[in-house]
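Inspection log for the structure reproduced underneath, given as structure tokens.
Nothing in this text is a laboratory measurement; each read-out follows from the coordinates by a stated rule. Just so it is clear, the model here is predicted, and its values are computed rather than measured. Note that we place each Cβ from the backbone using ideal geometry, even for glycine, and neighbour counts take in every protein chain shown.
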Amino acid sequence: MIKKIFTSFFIVLTVLLYAQDYYSKLREKYYGFEENDSRAFVFINQYIKKAKSENNHKELFQAYKDAILYSSNNKLTYADSAIAAAKKSGDEDLIGDAFLSKGAIYYFNQRKFQLALEEYLKAYEHLKDSKDDFLKYQNLYHIGVVKSYLGYYDEALEIFNECIRYFETKLSDKLHKNLLFNNRKGYFNSLHQAIVCYQMLDKNGQADKLLKEGIKTLPDSKDFYLEKSYFNKSIGISEFRKKNYNKAIEYFDQSLPELIKVNDFTWISYIYYYKGKSYEILGNHDKEVENYKKVDSIFNKNTFILPELRTNYEELIEFYKKRENHKEELYYTNQLLKADSIIAADFKYLSTRVYKEYDTKRLLETKEDLEKSNSFSKILLLFCIVVIGFLAFVIYMRLKKQKNIQKSYEDLLKKMEEKQLQQQQQPVEIPVKQEAIADSEKNIKFDNSIVEKLLKDIQNFEKNQGYLEQGLTLKKLAEQFKTNTSYLSQVINEYKGSNFNTYINVLRINFATEKIYHDKEWRKYSIEHIASAAGFSNRQSFSNIFLEQNGIRPADFIKKRISELEDQKNNS
């Protein structure tokens, strides 16, 4: 018997080792390919097939994660497959890693910052208690990067400082060289992002202090040339603010080669813009315009621009306006309009804070004048008038909508205040027996003792927030109360004034409303997350019921509450 057990054990062990060896050999065959090289799929597809046949969810996750790297057009599809495989594995680290990978696609490949942040926050939920600290702080770093790009510099700075503290403790030479390398990368990248936040917040002293630390400790190795380029870029910004414009240009030029090599067009365009500003102040207008045009070239190629670089187009418009070059002035006016639409979509937080010398109305009027001066046809002119009329209508409707949202918000606050006053005036718990006797004339056909019991059960149910359970039905609640659905339905109808579904939805919406209003963490959640926490199975039904009950969408309620708190802070 013992011999059979040992034999079975060694057979299983041999099979597992063989399987792992098979996967390792497949990886070796495609790890040498460059990113987005479809030739890798000859082996990746074999990997996927093998993992599926063995129902090996961990290896299937790895296969899909590798597929993301080598796919050029289906990265999101493979990311969703990786998430599905990770969930089936039940491994929280894999699930968090899968959401992190999807967020990276939105951020690095598509520059969809809001969507990236949502995926990173999902990953955070799975990784916050992870024992894999490197993976956890890698995800925190990505959350910080997106928050920084969206303009939440203070929040991002807290994250980067936390990452710096963690990676700084992992720089011991006693670590394996691969671990040491990864932790160094994490440390210097966190330093760079913290420097960016300090510079954006005009805290130049703190930024310069970190820059000195970074340059001092950066290894003199080609593996860290890119990090050195980021530091040189930040030194260039520091010199620019000190009005050392020639020095700033020198540092910008030193940082560009490595950034161009990895096609980091975000920081490349940033450098060209500040080079242009430096040349403008130095009086070299040819170099000024040359660099501003490079920013425009990157914008055309990648449909991306930082809000801070918006004035790049204002400078070009002004430059050609002075030279009465209406053709170029018109072109850059149109480019500024495009940039504004992208900034408004991708940087909702920053777009309201960016200084706009040319507002939309003036830009449209300028566009009309320029089109006339360039002898455009009457048909095109009419078209522009229609467009302007349409835009005016859209603006009017938007203002009207905002006015209605404000009124709905104020009505909801009054409703919440009235409810709070009622609660303060009433005892914490209504004696159930007295309530049942007082309402004995209600249209209920069974004994008062049953009514009394059910009302007490309902009272405890509400007190313990049992309504937050997803998938709750009348039948499930009746089973919890050890009664039948008919009795429970009648009591809810008579004493709560509504059917079961409406009763539960009212409780859930009231809960979510109070949480959003009072808890700042809830205002950071996605609507999908809030819906789930309030017991709803999907975002849409939650949003619709919230609107029906409160007269305002949850997303608008969150925005109004945040705006209200900001106004209070500014006025204090």
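Data table
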quantity	calculated
Net charge dipole size for the stretch 256-354 [Lys, Arg +1 and Asp, Glu -1 on Cβ; Debye, nearest 20]	120 debye
Residue-by-residue Karplus 3J(HN,Hα) for the stretch 144-151, coefficients 6.51, -1.76, 1.60, Hz, glycine and proline x	x, 4, 5, 4, 5, 5, 7, x
Nearby lysines by direct alpha-carbon distance to K50 (threshold 17 angstrom, same-chain neighbours under 8 apart not counted)	K25, K29, K58, K65, K88
Cross-link table K203/K321; K49/K177; K112/K203; K102/K520; K216/K242; K87/K228, entries beyond 30 Å C-alpha to C-alpha	K203/K321; K49/K177; K87/K228
Distance from the stretch 459-482 to the stretch 14-84 (C-alpha centre basis), Å	45 Å
Under 22 Å from the Cα of K475 - lysines, other chains or at least 8 residues apart	K445, K453, K456, K463, K496
Cross-link reach list, aspartates and glutamates versus K174, counting only Cα pairs under 13 Å and skipping chain neighbours closer than eight places	none
Cα centroid separation, the stretch 488-515 to the stretch 128-174 (Å)	43 Å
FRET efficiency, K25 to S341 (Cβ-Cβ, R0 41 Å, nearest 0.05)	0.25
Relative exposure of H142, H529, judged by other C-beta atoms within 10 Å (fewest first)	H529, H142
3J(HN,Hα) from dihedral phi, the stretch 132-137, Karplus parametrisation 6.51/-1.76/1.60, rounded to Hz, x for glycine, proline	7, 4, 4, 5, 5, 6
On Cα atoms only, tilt of 326-346 relative to the major axis of the chain in degrees	30 degrees
Helix axis angle, 204-217 relative to the chain longest principal axis, alpha carbon, degrees	80 degrees
Dipole-positive endmost among Y313, L488, L547 within the chain (Cβ charges, Cα centre)	L488
Residue-span extension gain [D411 to Q425] - 0.36 nm each, minus C-alpha spacing	2.9 nm
Two-site FRET efficiency, V42 against H529, from Cβ-Cβ distance with R₀ of 41 Å, rounded to 0.05	0.55
Virtual spin-label span in nm between Q254 and Q568, 7 Å along Cα→Cβ	4.9 nm
Cα-projected label distance for K400 with F304, points at 7 Å along beta-carbon direction, nm	3.9 nm
Inter-probe distance in nm under a simple model that places probes 7 Å from Cα toward Cβ, at E462 and D133	4.8 nm
Computed Rg/Rh of the chain, alpha carbon atoms with Kirkwood Rh	1.05
Förster-model FRET efficiency, 22 Å R0, K261 and Q114, C-beta, rounded to 0.05	0.15
Residue-wise HN-Hα coupling along the stretch 95-104, computed from phi with Karplus coefficients 6.51, -1.76, 1.60 (Hz; x: Gly, Pro)	5, x, 4, 5, 5, 4, 5, 5, x, 5
At most 10 other Cβ within 10 Å, DSSP loop - GluC sites (Glu not before Pro), the stretch 20-72	E34, E35
Degrees separating the helix 485-496 axis from the principal Cα axis of the chain, which is the longest one	70 degrees
Cβ-based exposure ranking for D66, D519, D556, in which fewest neighbours within 10 Å come first	D519, D556, D66
Nearest-20 debye value, the chain charge dipole, Cβ charges on Lys, Arg, Asp, Glu	760 debye
Sequence-separation-based contact order of the chain, relative, with Cα cut under 8 Å and 6+ spacing, percent	6 percent
Peptides 538-547, 127-136 ordered by average Cβ neighbours within 10 Å, highest first	538-547, 127-136
